[in-house]
């Protein structure tokens, strides 16, 4: 095993988990998490942040009922009930983190 420091200033994890056996709480992916991830990734790339900001799918982050959930790591910034309308606000916070 090789341990190293992450090359990213921040890593945005977007829950895209789908809970197939739980129709009352289908998970973030069923609530648009996958679309949010794609839109965030497009926006990060358009801003030229590739290589310093990473956007990835996450499995269950544990708060499915409050989803879709987005986590900015390692800054410990958590967003719940995220919609496409929230993307600009998330990107504004990332921009502040980049200095």
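The values are calculated or read from the model by the stated rules, or taken from the named source; none is laboratory data. Quick caveat, the model's predicted, so the values are computed rather than measured. Neighbour counts run over all protein chains shown; Cβ positions are idealised from the backbone, glycine included.
Here are the numbers for this structure:
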{"item": "Residues that are surrounded by 12 or more Cβ atoms within 10 Å (Cβ to Cβ), more than 15 Å from residue 83 (Cβ to Cβ) and without any contact (Cβ under 8 Å) to a residue 24 or more places away in the chain, drawn from region 30-60", "result": "41, 42, 45, 50"}
{"item": "Those strands (runs of 3 or more DSSP E) lying entirely in region 38-99 with at least 3 residues under 18 Å from residue 27 (Cβ atoms)", "result": "53-58"}
{"item": "Condition check for residue 27: modelled with pLDDT under 95, at positive phi, touching a strand residue (DSSP E or B) at 6+ places or on another chain (Cβ under 8 Å) and crowded, with 18+ Cβ neighbours inside 10 Å", "result": "yes"}
{"item": "All positions within region 72-87 that are under 13 Å from residue 8 (Cβ atoms) and either in contact with a helix residue (DSSP H, G or I) (Cβ under 7 Å, 6 or more places away or on another chain) or surrounded by 15 or more Cβ atoms within 10 Å (Cβ to Cβ) (or both)", "result": "72, 73, 75"}
{"item": "Number of the exception - residue 69 against (1) within 24 Å of residue 99 (Cβ to Cβ); (2) surrounded by 18 or more Cβ atoms within 10 Å (Cβ to Cβ)", "result": "(1)"}
{"item": "Output for region 1-28, where each listed residue is in a loop (DSSP other than H, G, I, E, B) and in contact with a helix residue (DSSP H, G or I) (Cβ under 7 Å, 6 or more places away or on another chain)", "result": "9, 16, 17, 18, 19, 25, 27, 28"}
